[in-house]
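The values are calculated or read from the model by the stated rules, or taken from the named source; none is laboratory data. All values reported here derive from a predicted model rather than from experimental measurement. Here Cβ is always computed from backbone atoms with ideal geometry, including for glycine, and neighbour counts include all displayed protein chains. Heavy atoms of the whole protein, side chains included, go into the accessibility calculation; ligands, DNA and RNA do not. Shrake-Rupley method; radii C 1.70, N 1.55, O 1.52, S 1.80 Å.
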Amino acid sequence: MNIHEYQAKQLLSRNAVAVPPGDVCDTPQEAKSIAEDLLARGALRLAVKAQIHAGGRGKGTFRDGFQGGVKLCAAAADVYDKAKAMLGNVLVTRQTGPEGRRVSKLLVEAAPEIRKEFYLAVLLDRARSRPVLMASTQGGMDIEEVAARTPEKILREPVDAAFGLMPYQARKAAAALGLKGDLIAQGAKLLMGVYRTWWDCDASLVEINPLCLVDAGDAKESLVAVDAKLSLDDNALFRHPDLQAMRDLGEEAPLETEAAKHNLNYIKLDGNIACLVNGAGLAMATMDIIEHFGGRPANFLDVGGGATQDQVAAAFRIILQDPHVKGILVNIFGGIMDCNVIAAGIVAAVKQTGLPLPLVVRLEGNNVESGRQTLAASGLPLITGSSMADAARKVVEAVGSK
Ligand code: GDP
Ligand code: MN
């Protein structure tokens, strides 16, 4: 699960990571009053930032041509205008895909005067099986590009999870960023706070791009997290009710949200052959075999081993709601799963929705005879597959000939 920049900043600031003062809002009027308040407290400039679960906002473009999901303003009236232009508008960035994301929340914060931009992240390094701290002087830009062109400019500091990030490692990273004097201690403390946030939240990624060296007045400089991204590990969410409450369903694929309500493991993909399968391994093999015969799966869907008739019916309705779907492949190997439950679920769903598309069914295993009878008795015009390969070939053909 991903959360918004403003939420990530709240979590980071609890661990003493400095973030610009600011607040979130959803109307231009509120944006203006946050701006007035920040100006009264001494802010010289303000940043208005679209809150969507995607990066690249600064260089993004709104559907109506308005440029940039991150805008700097000097006056509250200007904040009002920018907020009005962004709210309700669809922002397209290199991470959103062409459909973009509708902006319904803005972060209005004090915009510090930036002297230098760094990149900072904590994530799990699967190859080393450890957390790793990544830091680079090449902040603000695409880290993928830095990694491809100048990998030597990225410091990778592996962490022993049992000890956590050690102060000497944090100081080493701060020095590698070119920080000097008091800023080394300040930077090290900030890095410890970022690591702690990652650990305490069971996050899979914390990324601060840019971490900024900013003008702090009196010829001093300090470090501030100007952007923040936090991805949480779904498998650990059950132990963080406070983080679960940060979920923004408006940012998630609606069909996936609907599937989650029915306890179905559904992931939307961009092909046109929907699959309904029991078991994650069989579901992956089914997607592979569809590709093997030249088709493209529209989704991953594992109804699980103990699915009820209602869950199967819900699964069927969900795959039919995807407008890209041109054919359906049901591939069931009944072990714990009773094939007749699947058959009854499909018949129940089709009674409601009709069957506008070719449906290929391959059923095998536990109680398969009753399952076949249920399907035959329903009179549905389905195509049966005698094996997984046969079924996959038939659905690819049926879709191709449409
Ligand atoms: P992203 O494009 O979605 O990654 O959004 P960011 O929050 O990283 O903003 C993009 C760029 O805008 C940053 O790299 C900064 O250069 C600039 N920016 C963002 N916030 C501020 C701010 O408060 N002050 C200044 N001067 N620049 C900012
Ligand atoms: Mn950024």
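Shape of the range 262-400 from the C-alpha gyration tensor: rounded (a/c under 1.5, with a ≥ b ≥ c the square roots of its eigenvalues). Averaged per residue, the range 57-174 has 52 square angstrom of accessible surface, using a 1.4 angstrom probe with ligands and nucleic acids left out. Could you tell me the relative contact order of the chain? Use alpha-carbon pairs under 8 Å, at least six residues apart, and round to a whole percent. Reported relative contact order: 12 percent.
Take each of the peptides 384-392, 339-347, average the number of other beta-carbon atoms within 10 Å over its residues, and list them starting from the highest.
339-347, 384-392
Computed extension length for Glu36-Asp182: 49.3 nm, one decimal, from 0.36 nm per residue of separation with the Cα-Cα distance subtracted. As a rough guide to protection, the peptides 273-284, 46-57, 80-91, 369-380 ranked by mean Cβ packing within 10 Å, highest first, stand as 46-57, 273-284, 80-91, 369-380. So what's the angle, to the nearest 10 degrees on a 0 to 90 scale, between helix 309-321 and the longest Cα principal axis of the chain? Long axis of 309-321 versus the principal axis of the chain: about 70 degrees.
Given the Cα-Cα distance of Asp26 and Val90 and 0.36 nm per residue of separation, how much length would full extension add, in nm?
21.6 nm
Summary value for the range 57-199: 14 percent relative contact order, contacts being C-alpha pairs under 8 angstrom separated by 6+ residues.
Listed by chain and number, the aspartates and glutamates placed with their C-alpha closer than 14 angstrom to that of Lys82 are Asp26, Glu30, Asp64, Glu109; residues fewer than eight positions away on the same chain are left out.
When you restrict to C-alpha pairs under 8 Å that are six or more residues apart and normalise by the size of the range 1-141, the relative contact order lands at 26 percent. With 27 Å as the limit on Cα-Cα distance, the pairs of Lys49/Lys116; Lys9/Lys84; Lys153/Lys268; Lys71/Lys261 that go past it are Lys153/Lys268; Lys71/Lys261.
Going 7 Å from the Cα of Ala161 along its beta-carbon direction, which residues of the range 220-257 have the amide nitrogen within less than 15 Å of the resulting point? Answer for this model: 233-237.
Adding -39500 (n - 2.57) for every DSSP H run of four residues or longer, then dividing by how many residues the chain holds, sets the calculated 222 nm ellipticity at -11000 deg cm²/dmol. Counting protein heavy atoms only, the chain has 52 percent of its accessible area on carbon and sulfur, 1.4 angstrom probe. The alpha carbon gyration tensor of the range 1-134 gives principal lengths a ≥ b ≥ c with a/c of 1.5 or higher and a/b no greater than b/c, which makes the shape oblate. Oblate is the label for the range 281-337. Its Cα gyration tensor axes, ordered a ≥ b ≥ c, give a/c of at least 1.5 and b/c at or above a/b. Packing, taken as the mean count of other beta carbons within 10 Å per residue, orders the peptides 124-136, 290-302 from highest to lowest as 290-302, 124-136. Rolled with a 1.4 Å probe across the full set of protein chains, the surface gives Asp37 an accessible area near 80 Å². If only the Cβ of Lys and Arg carry +1 and only the Cβ of Asp and Glu carry -1, the dipole of the chain around its Cα centre is close to 440 debye.
Potential lengthening of the chain between Arg128 and Leu205 amounts to 26.1 nm, from the contour at 0.36 nm per residue minus the alpha-carbon distance.
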